[in-house]
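Visitor: Here's a structure for you.
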Amino acid sequence: MNGGRTMRNADSGDSVGWYGKMPAAGDFVHRRLPRNLIAWWDKWLQYGLAALRQSIDDGAERAYAAAPIWNFAIPAGPGAGVVQLGSIAPSRDRVGRAYPLCAMLAVPADSFRRELLEEAGDYYRQIGAGLLSAVRHGCAADQLDRTLLDVRLPQAMAPQAPAPVPAAPAAASTAGSDILEILNAGIAPAPVTPAATPEPINSLGLAAWPDLPFCFNPSSHTSYWWTNQSDGAALQTYVHGGALNATLFLRLFSSPSSWRL
């Protein structure tokens with residue numbers, strides 16, 4: 001499956017989880033995220049929304065509604081305790097209350113491998129398309145959940161292949177095999193067919209940071225944000241140091257006039 005695998009088991013600990021509000025639901029919805037991680041996201045999002053409401057920009061609400069979907073790579077350092085790779089979209093519930101919708105893969109910092117980001121291009125594209133179907137096209141929560149469960153994760157998330165079993169020792173040569181060796185003497189061996197070249201990794205989702213897999217430190221406090229572009233948005237990038245705060249929220253979801261608090 002193009003260098004990844006599909007997660008269809010809703011109870012799996014390494015599937016995509018999600019949280020937030022969506023137009024097809026009347027309140028918060030979430031799947032496969034622990035309460036402490038939901039609380040971590042809610043603290044930042046509530047703080048950011050409050051800053052947006054207090055903005056002097058009269059078009060802040062319109063800017064929020066028109067903001068792009070953003071990809072993120074968040075290390076464990078800012079407080080959540082896990083590396084998070086996912087996307088976040090501006091959204092609102094059925095009655096119009098603004099609140100973003102996010103989906104992510106949470107990985108313990110000591111389990112993170114650089115290959116997760118090297119192979120994540122198609123993963124980010126699928127996450128963005130799923131969020132877009134929810135916030136722009138009104139798909140139901142169960143439909144979004146099925147879409148996210150079918151996301152192909154980076155191949156580096158697959159279990160490591162077991163060590164090969166040593167071959168049994170060759171049996172002693174028999175008279176019959178000696179005769180075959182004599183008959184086959186001088187016959188050229190059959191040509192060896194070269195192994196198929198693996199498909200190149202789809203790096204479209206990481207076009208903003210080709211070297212991100214080498215720069216990203218899973219235990220640091222520096223998070224990386226770039227537009228998903230599944231919604232047609234232009235490419236934008238942002239590097240944020242420290243805890244997620246109102247400055248970051250306004251940078252992602254408001255017009256430039258609101259970026260300074």
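Visitor: Filter the stretch 229-261 down to residues that are modelled with pLDDT under 95 and under 18 Å from the mean Cα position of the chain (by Cα) and give me whichever is farthest from residue 117 (Cα to Cα).
Guide: My answer is 231.
Visitor: Hey, another quick one. Of everything in the stretch 206-261, what is outside any loop (DSSP other than H, G, I, E, B), closer than 19 Å to residue 107 by Cα and in contact with a Lys or Arg (Cβ under 9 Å, 6 or more places away or on another chain)? Give them in sequence order.
Guide: 213, 214, 225
Visitor: While we're looking at this one, here's another question. Using the structure shown, decide if residue 50 is among the small types (Gly, Ala, Ser), without any contact (Cβ under 8 Å) to a residue 40 or more places away in the chain, surrounded by fewer than 13 Cβ atoms within 10 Å (Cβ to Cβ) and not in a loop (DSSP other than H, G, I, E, B).
Guide: Judged against the criteria, residue 50 is not a match.
Visitor: Restricting attention to the stretch 66-111, and to residues there that are among the aromatic types (Phe, Trp, Tyr) and part of a strand (DSSP E or B), which single residue is farthest from residue 220 (Cα to Cα)? Don't jump to the end; show me each part of the working.
Guide: Step one: filter the stretch 66-111 for residues among the aromatic types (Phe, Trp, Tyr), giving 70, 72, 99.
Among the residues that remain, those that are also part of a strand (DSSP E or B) are: 70, 72.
Details: 70: 20, 72: 14 Å.
Checking each candidate, the answer is 70.
Visitor: Yes or no: the stretch 55-73 includes at least one residue that is farther than 22 Å from residue 255 by Cα, under 20 Å from the mean Cα position of the chain (by Cα) and of a type in the set (A, V, I, L, M, F, W, C).
Guide: Yes: one or more hits.
Visitor: Quick check on residue 91: is it buried (at least 21 other Cβ atoms within 10 Å of the Cβ), touching a residue at least 12 places away in the same chain (Cβ under 8 Å) and in contact with a Lys or Arg (Cβ under 8 Å, 6 or more places away or on another chain)?
Guide: yes
Visitor: Answer yes or no: is there a residue in the stretch 120-132 that is among the β-branched types (Val, Ile, Thr), at pLDDT 95 or above, within 17 Å of residue 212 (Cβ to Cβ) and buried (at least 23 other Cβ atoms within 10 Å of the Cβ).
Guide: Yes; the residues of the stretch 120-132 include at least one that is among the β-branched types (Val, Ile, Thr), at pLDDT 95 or above, within 17 Å of residue 212 (Cβ to Cβ) and buried (at least 23 other Cβ atoms within 10 Å of the Cβ).
Visitor: Could you look through the stretch 1-47, keep only residues that are among the basic types (Lys, Arg) and loosely packed, with under 12 Cβ neighbours inside 10 Å, and pick out the one that is modelled with the highest pLDDT?
Guide: Filtering first and then ranking leaves 35.
The values are calculated or read from the model by the stated rules, or taken from the named source; none is laboratory data. Note that the coordinates shown come from a computational prediction; the quantities given were computed from them, not determined experimentally. Note: ideal-geometry Cβ built from the backbone for every residue, glycine included; neighbour counts use all protein chains shown.
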